[in-house]
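First comes the structure, then the notes that go with it.
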Amino acid sequence: MNTSEARYGGGVTLLLFILIFLPLLAVLINVIFPGLFFGQVKSSSLGLIGEIWNRPLWKQSLLNSVTLALGTATIGTIIGGVLATIRARWDFAAVKLLDMTAWVLLIAPSFMIAQGWVLFAGSDGLAHQWLGQTWVTSFIFQPAGLVFVMSLSKFPLAYLAITAASEWNIRQFGYAARLNGARPFTVWRTVEMPLALPSYVAGWTLVFMDTIGDFGLPAALATVYKFPTLTYSIYSAIYQSPVRFDMAGVLAFYLVLILVLAMTLLMVTLGKSRFDFLNARAVQIEKVRPRKAWLYNLLITIFLFMSLGIPIGTSAVVSLLKQAGGGLTPGNFTLDHYRELFSGQAGDHRLLGYLEGMYHSLIIAAAAALFSMLIGFVVAYMLTFTESRLKPLLQLFSIISLAVPGVVLGIGYIFIWNQKWLEPLGLHLYGTPSLIVIAGIAGAIPYAVRVQLGAFGNLSGTMLKAAAIQGASVFERMRDIVLPLARQSLLIATLASFGTSVFDLALASMLKPANYSLMPLVIDRAFEFSRYGYATAATVVSCGAVVLMIILLQAAGRLGFRWLDRNKS
C-alpha cells in the first residue's frame, strides 16, 4: 500500500468513525456515565442498566420489542422460505409480480405501510365499516395481529436471502446418498437441510434486526393502540417533559445489545456456510411449469394483495374520501385533500406545511445522496482494489449502520453534537438542518457501499496496476478508470440513497429543528391528529413524486452518458 492509498484509507476510516461509530459509542458511554455529555455525571456504575426490570414501561417496551421481533422473524422466514422454494422450482406468470412486490415492500417506508393497515383494520376502517368484518379490528390490534402485519411486510428480507441459495441444484448429492442406502429423511437431514440452513438463519436474522429496530409501526400505532416498543419509548423519552436521557440511553443500550447478538449469530452462520458445492459442475435448478399453474397464480396473487394491496390500496382510497368511515358512496368522494396539499396553507393549525416539508426533505435527501455516493465510492475502491490495513475497520463501520436503527443513531447524534463547548467552534449542530443531512449521509453510506462493491467486483485490477506503474495517482485511477466503468452503478447508488433518505421518519423525528417542516413529519403529524385524508393524500403525492423523479433522473443520466460517449469518440 503506497502513501497516497494510506491517506485515502485513513481519511474515509476517520469519516466513517465520526459519522457512524462515534454516535453508537456515545450511546454506550452514556449508560455507564449518565449525564456525561451534558456536564452532569451522576455515577460511574452499571446500576442503571438493571433498572429496566424495576421500571414497568422500560420492561414492557423491551418485552414487546423482543416478542414482536421473534414472532415476525419466525413467521416471515416461513413465508419467505415457502415462496423462495416455489420461486426456485416452478415457472408461472405471477413469479415476476412476486419479485416486484418483494422489492416494493423492501423499499417502502414502514410507517406508510403501517398507516395503511391502521386505516384498514381500525374501528372506522374499511374492514369494519365497509366490509362488516368486525373481527379484523380485534385480531390486528393485539400482539399476534401485529406479528401478522409485520410478517407480511418484512418477509422480503428472508425471501431474497433464501431465493439466492435455493436456485442451485444439489440433487446429485441426494442421489449419491440414496445409492449408498440412505433413506429419504436421512438425505434431507444430512444433505439438504445443512446446505439450506445458513440461508434460512440469515433470512431469520435479517427480519429480526429490521423488526426490532423499526420505528414506523409503533409511530403509526400510537394513535389507536398502546404497544410501547424500544424504538418508540426512546423517541418519547427525548420529546417528553422533562427529557429523560437516562431512559433513552438505557433502552438504546439494550437495543444495541440485542442487535449485536443478532449480528453475531448472522456472522457465525455465514462463517459456517459451505460453498464448495458451487464448483464448475454446479448448475441452477431448471424451472418447470407446474401442472396447475393457474392455482399457483391465484394463491400468489391473493397473498400479494394481502401484503401490499391492502395497505397501499386503503391509503389511496382514504385519500379520496371526505370521511374515512363514511362508506364508498358518490357523495363521500372528494379531491379536497389534494387541493389542501397545494393550497400553500395548512388550513389547520395542527398540520405542518406540506410543500415546505417536501422541499426541505428533497434538498436534504439530495445532499445526503450525493455525499454518501462520494464517500461510498472511495470506501468501495479501498475495499476492492487495495491491500489497506484499514479494510476490516471499513467493513465494520459500513455494515454497522445497516443494523443500527435510525432512532439509536439519532440519540447518538444528540449526545455528540449538542455540546456547549462546540458553540464557539461553530459546530453545535443539534437543532439545525445540517445535522439531519449528516445523519442522512450516515444512514445512506451502507447502501452506497454495497451497490458499488457489486459493480467494482466485475472490474479487473490489472488496469489499475498498469496505471499505477505508469505513474497515475490514486485520484487519477479513480477518475479515469473506475468512474467511467462504474458510472451506471454510481447513478443507481445515488438514486437509491436519495429514495431512502426522503422518507426517513426516525431521523426526522429525532433531529428535527424547531418549527422546521419535513415531509415524513407532515404525514405523521396529520395521522396523529386523525387527519387521515390529508395524511394519505400526502403519502400518495410524495411517493408518486419521488418515484417519478428517480425515473427521470435515471433516464437523464443514461442520456448524459451517451452524450459523453459520442463526444469522446
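Here are a few things to note about the model shown:
- Subset tally (residues that are assigned to a helix (DSSP H, G or I) and over 42 Å from the mean Cα position of the chain (by Cα)) for the range 178-199: 2
- Pairs, first closer than 14 Å to Ile79 by Cα in the range 299-319, second aromatic (Phe, Trp, Tyr), C-beta under 9 Å, six or more apart: Ile300/Phe92; Ser307/Phe155
- Enumeration of residues in the range 102-115 that are crowded, with 22+ Cβ neighbours inside 10 Å and either in contact with a strand residue (DSSP E or B) (Cβ under 6 Å, 6 or more places away or on another chain) or over 17 Å from Asp214 (Cβ atoms) (or both): Ala102
- Selection from the range 93-109 of residues that are modelled with pLDDT of 85 or more and either assigned to a loop (DSSP other than H, G, I, E, B) or small (Gly, Ala, Ser) (or both): Ala93, Ala94, Ala102
- For Ala144, the conditions (1) open to solvent by less than 60 Å² (accessible area, probe 1.4 Å); (2) in a loop (DSSP other than H, G, I, E, B) are fulfilled apart from (2).
- In the condition set (1) open to solvent by 20 Å² or more (accessible area, probe 1.4 Å); (2) touching a Pro at 6+ places or on another chain (Cβ under 9 Å); (3) at pLDDT 85 or above, Leu564 is compliant with all but (3).
- Options Ala88, Ala26; residue that is buried (at least 20 other Cβ atoms within 10 Å of the Cβ), modelled with pLDDT of 80 or more and assigned to a helix (DSSP H, G or I): Ala26
- Every pair of residues 6+ apart whose Cβ atoms lie under 6 Å, when the first sits in the range 405-423 and is without any contact (Cβ under 8 Å) to a residue 40 or more places away in the chain while the second is part of a helix (DSSP H, G or I): Trp417/Leu435
- Of the residues making up the range 504-512, none is within 12 Å of Tyr354 (Cβ to Cβ) and in a helix (DSSP H, G or I).
- Residues in the range 514-561 that are open to solvent by 40 Å² or more (accessible area, probe 1.4 Å) and outside any helix (DSSP H, G or I): Ala514, Asn515, Tyr516, Phe529, Ser530, Arg531.
- Leading residue by the ranking (least open to solvent (accessible area, probe 1.4 Å)) among those in the range 55-81 that are in a helix (DSSP H, G or I) and farther than 20 Å from Asp210 by Cα: Trp58
- Identity of the residue in the range 129-141, without any contact (Cβ under 8 Å) to a residue 60 or more places away in the chain and crowded, with 17+ Cβ neighbours inside 10 Å, that ends up nearest to the chain's Cα centre (by Cα): Ile140
- The criterion of being among the basic types (Lys, Arg), closer than 30 Å to Ser501 by Cβ, in a helix (DSSP H, G or I) and open to solvent by less than 20 Å² (accessible area, probe 1.4 Å) does not hold for Arg487.
The values are calculated or read from the model by the stated rules, or taken from the named source; none is laboratory data. For clarity, every value in this text was computed on a predicted model and none was experimentally measured. Every residue, glycine as well, gets a Cβ built from its backbone with ideal geometry; the counts of neighbours run over all protein chains shown. With ligands, DNA and RNA removed, areas are computed over all heavy atoms of the protein, side chains included. Shrake-Rupley method; radii C 1.70, N 1.55, O 1.52, S 1.80 Å.
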